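S.K.: The structure's right below; bear with me while I get my questions together.
The values are calculated or read from the model by the stated rules, or taken from the named source; none is laboratory data. Just so it is clear, the structure is predicted and the values come from calculations on it, not from any experiment. Here the Cβ positions follow ideal geometry from the backbone for every residue, glycine too, while neighbour counts run over all protein chains shown.
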């Protein structure tokens with residue numbers, strides 16, 4: 001039922017968002033002629049299988065991942081919703097990532113960069129709802145409990161994304177993902193998708209998920 005739901009809803013979302021994706025594709029192409037507007041990254045899927053993860057390119061083509069690797073290590077080790085840069089300035093989930101282009105900031109603000117992941121859902125290596133897929137180097141810092149979030153298909157959105165709270169600690173994220181894994185149902189997926197839609201529109205709702 002979950003797979004059937006994913007295919008039907010994803011197909012509708014692709015058709016609905018196709019004009020936005022086409023415009024975004026050509027805008028990125030105009031600003032970065034030599035690079036593909038679609039950025040393909042290796043991510044961890046169900047049961048630890050690596051897959052190609054699609055996003056619209058929002059960073060400079062020569063962006064290195066050193067800063068993000070350091071951030072992830074600190075975020076997991078310190079278990080805080082933020083870490084600090086070399087000047088002592090708090091960094092919240094790498095929101096101030098210097099690698100992001102001006103257009104990239106815009107499409108990230110409205111989550112347009114995530115739209116190509118709908119094709120990941122059609123391919124079957126992601127679901128609409130589930131834990132966000134980890135980058136391979138994140139797993140270097142995972143313990144046995146943390147690895148449980150890889151037991152299901154990763155999602156385009158999840159519980160903490162639906163809540164609209166970017167300031168979440170690593171342990172809080174793990175607890176929310178495990179809550180979803182242990183209680184997942186079509187009804188919970190529908191609630192998370194609806195809350196995610198409202199969050200993207202800037203509307204905060206404070207109801208709890210109903211099992």
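S.K.: Exactly one condition in (1) touching a helix residue (DSSP H, G or I) at 6+ places or on another chain (Cβ under 8 Å); (2) surrounded by fewer than 20 Cβ atoms within 10 Å (Cβ to Cβ) is not met by residue 123; state its number.
M.R.: Result: residue 123 fails condition (1) only.
S.K.: Identify, by number, the condition in (1) modelled with pLDDT of 90 or more; (2) exposed (fewer than 14 other Cβ atoms within 10 Å of the Cβ); (3) under 30 Å from residue 185 (Cβ atoms) that residue 150 doesn't meet.
M.R.: (2)
S.K.: Okay, next question. Given (1) under 17 Å from residue 132 (Cβ atoms); (2) outside any loop (DSSP other than H, G, I, E, B), where does residue 187 come up short, assuming only one miss?
M.R.: (1)
S.K.: Of the residues in segment 55-68, how many are surrounded by 14 or more Cβ atoms within 10 Å (Cβ to Cβ) and either modelled with pLDDT under 95 or touching a strand residue (DSSP E or B) at 6+ places or on another chain (Cβ under 6 Å) (or both)?
M.R.: Summing the residues that are surrounded by 14 or more Cβ atoms within 10 Å (Cβ to Cβ) and either modelled with pLDDT under 95 or touching a strand residue (DSSP E or B) at 6+ places or on another chain (Cβ under 6 Å) (or both) in segment 55-68 gives 9.
S.K.: Shifting gears a bit: Checking residue 131 against (1) modelled with pLDDT of 85 or more; (2) surrounded by fewer than 21 Cβ atoms within 10 Å (Cβ to Cβ); (3) in a loop (DSSP other than H, G, I, E, B), only one condition comes out false. Which one?
M.R.: (2)
S.K.: Look through 172, 177 and report the one residue that is part of a helix (DSSP H, G or I), surrounded by 14 or more Cβ atoms within 10 Å (Cβ to Cβ) and within 14 Å of the chain's Cα centre (by Cα).
M.R.: 177
S.K.: Against the condition assigned to a helix (DSSP H, G or I) and under 17 Å from the mean Cα position of the chain (by Cα), how does residue 149 come out, does it pass?
M.R.: Yes: the conditions hold for residue 149.
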